[in-house]
Amino acid sequence: MAAKTLLDLQNLPDADVVALAQRGREDAFRELVRRYERPVFSLIFRMVRDAATAEDLAQDTFIKILNHIDKYRPEFKLSSWLFKIANNVAIDHLRRRQIATISMSGSPHASTASDIEATSFDIASDDESALDEMESKELGSAIEKAIATLRPEYRSCILLRHVEGRSYEEIAATLDLPLGTVKTYIHRARHLLRESLDHLRDE
Amino acid sequence: MQHRHLLPNEIDLLLDGEVGFGVAPLRAHVDGCEDCQARLARSRKIVDELEDLEHFAPSVRFAERVMAQVQIVEPWHIAALETAQRFVPRSASMRMVMAATASAVALALTSGAVWLTLHADLTLYSINLAAGRARTVLMDSAASIIGTAFGQSGLDTLRSSGLRGLALGAGVMIVAVGGATFGLRALASSSRRTRE
């Protein structure tokens, strides 16, 4: 009976599983965690580049969402809500800890080369080496290394676009950014990835 | 066909599979320009690599750790509904018997309520009659107790003094009972102290 119920839940769309969770069904909560633990953890892991930290932040994300499941509005995608919270906790963490965000570019609002140069920054982690982390087993591929060199806001946009397959409009809604800004970020991220990969492959 | 190489944002338009009036000339240029073809191919390779990236899995106990901190609240109306459903018999025949009984009880209660509403004057008369009888029984009992305790003369005095006399008599009686209780307790205490 329990196995049948679980199987039924796996076939339901997100909105229906959320509706069951709102009625206090524990198995519906578990199903939501099962569906999104990998995408949420992966997004955060690629943002913070530390597995233990990513797991703690992913856990915070789920707890925030599931403890406020009664506030979910079905006109929005649950996954967008999850990615929004996941991105926010990752960005907050990066700001708090100022961990290694090896930026190759300046402010996204910079329009000239001198502005970009003036606003670019390199932050090295105090307690862990970003490069060591980048060369870890999971994040060791060239593309992962190149992603790690992006500014966090570029990184979240490019990951949502190409790893999670979200449209520009969904990314704008998820990250609370204007559509034009999202397009600019993704355009710059692709450009930087091209440069970074050329550089890595030349080595 | 345009005669300049594509700008990076134009490459992005092609990468995103945009269609429209402005995209056709870009495609036409790429078809005839090896340099732009190579740039587009490089960009497409990066996008393909990004799209091939796999999700990482958290630790096996991740879900358990999340669930340990999630407060699962069942709304009261759902809980009430489920409680009510527990009383519904499983077999169809028993459900029919239960439904028939519940319908009969509901019908009887509704009929009673309707009848009482339609005969409001009779209802009020009955209530007044019952209250009057209760008052008479109470007064007769009280008179009997007072007559036994104080005799007929005491009863006549109380009756002649009206409500004020009745209240005074009740007050005296309460004081007398209270005094007697206190006196007995004091006596019992002193006798206990004497024994110790």
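Residue count for the stretch A:39-63 satisfying the condition of being under 12 Å from A:L159 (Cα atoms) and not polar (S, T, N, Q): 7. A single entry from B:D12, B:D35 fulfils the requirement of being part of a helix (DSSP H, G or I) and within 10 Å of another protein chain (Cβ to nearest Cβ): B:D12. Exactly one residue out of B:S93, B:S111, B:S103, B:S141 is surrounded by 10 or more Cβ atoms within 10 Å (Cβ to Cβ), assigned to a helix (DSSP H, G or I) and modelled with pLDDT under 90: that is B:S141.
List the helices (runs of 4 or more DSSP H) inside the stretch A:1-110, counting only whole elements, that have at least 2 residues being modelled with pLDDT of 90 or more and within 14 Å of chain B (Cβ to nearest Cβ). If you could, list the steps in order and put the result at the bottom.
Numbers: elements: A:2-11, A:14-22, A:26-48, A:51-66, A:78-97.
Result: A:14-22, A:26-48, A:51-66, A:78-97.
Just to be sure before I move on: is A:A21 farther than 23 Å from B:H77 by Cα, small (G, A, S) and buried (at least 18 other Cβ atoms within 10 Å of the Cβ) in the structure I sent? Criteria not met by A:A21.
Please enumerate the residues belonging to the stretch A:174-200 that are within 11 Å of chain B (Cβ to nearest Cβ) and either touching a Pro at 6+ places or on another chain (Cβ under 6 Å) or not charged (D, E, K, R) (or both). Those that are within 11 Å of chain B (Cβ to nearest Cβ) and either touching a Pro at 6+ places or on another chain (Cβ under 6 Å) or not charged (D, E, K, R) (or both): A:T184, A:I186, A:H187, A:A189, A:H191, A:L192, A:L193, A:S196, A:L197.
Per-residue answers, yes or no, for (1) under 30 Å from A:E26 (Cβ atoms); (2) touching a residue at least 24 places away in the same chain (Cβ under 8 Å):
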residue: B:I11; (1), (2): no, yes
residue: B:L14; (1), (2): no, yes
residue: B:R27; (1), (2): no, no
residue: B:E49; (1), (2): no, no
residue: B:L53; (1), (2): no, no
residue: B:E64; (1), (2): yes, no
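The values are calculated or read from the model by the stated rules, or taken from the named source; none is laboratory data. Bear in mind the structure is a predicted one, so any value in this text is a computation, not a measurement. We place every Cβ from the backbone using ideal geometry, glycine too, and count neighbours over all the protein chains shown.
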